[in-house]
Amino acid sequence: MTDQDVFAAEREQIFDHSWLYIGHETELVKPNDYATRTVAGRPLIFARDAKGKTRVWVNSCPHRGAMLCRDPKGNARFLTCFYHGWTFNTSGEPVSIPSEEGYSPDFERIGLAAPAKVDSYRGFVFVSFDPDIVDLPTYLAGATEYLDLVSDQSEVGMRVLPGTHEYSVKANWKLLAENSYDGYHLVSTHQRYLEMITAAHGKIDVSAGSAGARAINLGGGHAVIAATPASGALFGRPLSEAAKSEKAERFQRFREMYGDAWVDRMGGSRNMVIFPNLVVIDLVMGVVIRRIEPVSPDYMEVSAWHLAPPEEGEELHKQRLDNFLTFWGPGGLASPDDVEALETCQRSYAARGELPWSDISRGMHTPLKSVGGEYQMRTWWGRWHELITGEALPEEPQAPLEDFFAGQRSPKQTSETVQAK
Ligand code: FES
Ligand SMILES: [Fe+2]
């Protein structure tokens, strides 16, 4: 959590050999839209080219390295380097070089550099700097099913809403991975939020959320805490009867498309961490995509986006935005509590000589992995340990999952056919 050498090893052994999330295809609406992002320390351009294809370029001019795009986002047919004026199109091809006669006659123009691999799953775009990495679906393992559960919640395709939450935390990046599916801290850390919700609803039953909820190992270091629809009652402000029935009707249409087992699962909640640094949380009537960018052992930057069904009516949409702000926002009623918790952990690690370890053994004594335990974190750390030390830890026995968590889409719709659309 504090060591510069460990941080350097994480960069080389984890981040240089993983698939890393850069953005969602729906953020790039028109041809030639682009956004600049830093992924594992590298400045990248996330773009849609003139023909509509999603592209990722290194945001550095192949002449002498100046940063090509310095705006967070924009739309441009041509990207011109401000240093000496080399110009590229969004397909990465060099289109003009000032005073080109100064080069030898056989000089070949250099195009933009790119990460070794770029691929997407259900609109989630990932890059890898390792040319030999396994393909993206293999890497994602069981996480694909949970990406399907969030991506299927629209009849016209889920879209990322305009705008990004950006904040930083003076803490080690791994603390936010742990926190993003820590079911144990809800009642103590987020007391104020629960008070607000209790006041709005009259009363809430906190135990309803964890009954039948499970921590699930998805393979590859990915894990999720998933709950049944009962957990929904815990979060968000009350909806009007009209909004409730609009939501119910939409879910009824989903039943016809996907079958009951899948839609029952969709109606529950899920907090997932895709190893190493992508968080997808479907809770409080909204889907949050959160990307953690480690900067130094004691500092991280966080970006968060909201994935929503565009066909939704005004009240449901307003409620969604309200939740995004009041619960998830950097100035909301939950995220600042978490930031404070993580920053105090980091400050206290100054006493690591006296207290060298954190404890994440909660729930190790039983194969029934509840959301209030720490099995999901041990799954993540098992992969971390393997990549950093080369040693694979033995798997922890896990009780068979209830049928609810095994529900599949009706046979007409497989992951592949949906992906192909
Ligand atoms: S560094 Fe970009 S044109 Fe020279
Ligand atoms: Fe929290």
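Figures for the structure shown
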quantity: Square roots of five times the Cα gyration tensor eigenvalues for region 216-356, Å; calculated: 33, 18, 13
quantity: Over the chain: helical MRE at 222 nm, DSSP H runs n ≥ 4 each giving -39500 (n - 2.57), nearest 500; calculated: -8000 deg cm²/dmol
quantity: Whole-Hz couplings from phi, Karplus 6.51/-1.76/1.60, listed for region 191-198; x for Gly and Pro; calculated: 3, 5, 4, 5, 5, 5, 5, 4
quantity: Under 16 Å from the Cα of Lys53 - aspartates and glutamates, other chains or at least 8 residues apart; calculated: Glu25, Glu27, Asp33, Glu93, Asp119
quantity: Choice from Asp106, Asp182, Asp337 with maximal GNM fluctuation in the chain (Cα, 10 Å cutoff); calculated: Asp106
quantity: Of Leu136, Leu401, Leu325, the one that fluctuates the most in a GNM where the chain has Cα springs shorter than 10 Å; calculated: Leu401
quantity: DSSP-assigned coil residues among trypsin sites (Lys or Arg not before Pro) in region 98-194, each with at most 16 further Cβ atoms within 10 Å; calculated: Arg109, Lys170
quantity: Between helix 314-323 and the chain: long-axis angle, C-alpha atoms, 0 to 90°, nearest 10; calculated: 90
quantity: Gaussian network model of the chain, Cα within-10 Å springs - most flexible of Val287, Val371, Val134; calculated: Val134
quantity: Cα gyration tensor of region 142-414 - equivalent ellipsoid semi-axes, whole Å, descending; calculated: 30, 23, 18
quantity: Using alpha carbons only: equivalent-ellipsoid semi-axes of region 176-295, gyration tensor based, whole Å; calculated: 25, 21, 13
quantity: Region 34-103, relative contact order in percent, only Cα pairs under 8 angstrom and at least six apart counted; calculated: 24
quantity: Net +/- balance of residues flanking Glu246 in space, Cβ distance below 15 Å, scoring K and R +1, D and E -1; calculated: -1
quantity: Residue-count net charge about Leu149 - beta-carbon cut-off 12 Å; Lys, Arg +1, Asp, Glu -1; calculated: -1
quantity: Sites Thr38 and Glu241, calculated FRET efficiency, Cβ-Cβ separation with R0 41 Å, nearest 0.05; calculated: 0.35
quantity: Net charge of Cβ neighbours under 10 Å - reference Val160; Lys, Arg +1; Asp, Glu -1; calculated: -1
quantity: Globularity index of region 31-131, i.e. its alpha-carbon radius of gyration over 2.2 N^0.38 Å; calculated: 1.09
quantity: At most 12 other Cβ within 10 Å, DSSP loop - GluC sites (Glu not before Pro), region 46-150; calculated: Glu108
quantity: Among the listed pairs Lys30/Lys247; Lys174/Lys369; Lys30/Lys174; Lys117/Lys170; Lys73/Lys117, those beyond 27 Å (Cα-Cα); calculated: Lys30/Lys247; Lys30/Lys174; Lys117/Lys170
quantity: Phi-based couplings in Hz for region 275-292 (Karplus 6.51, -1.76, 1.60; Gly and Pro marked x); calculated: 4, x, 9, 10, 10, 10, 10, 10, 7, 6, 6, x, 10, 9, 10, 10, 10, 9
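We did not get these values from a lab; they are worked out from the coordinates using the rules stated. This one's a predicted model, so the numbers in the text were calculated from it and none came from an experiment. Positions of Cβ are backbone-derived with ideal geometry, glycine not excepted, and every protein chain shown enters the neighbour counts.
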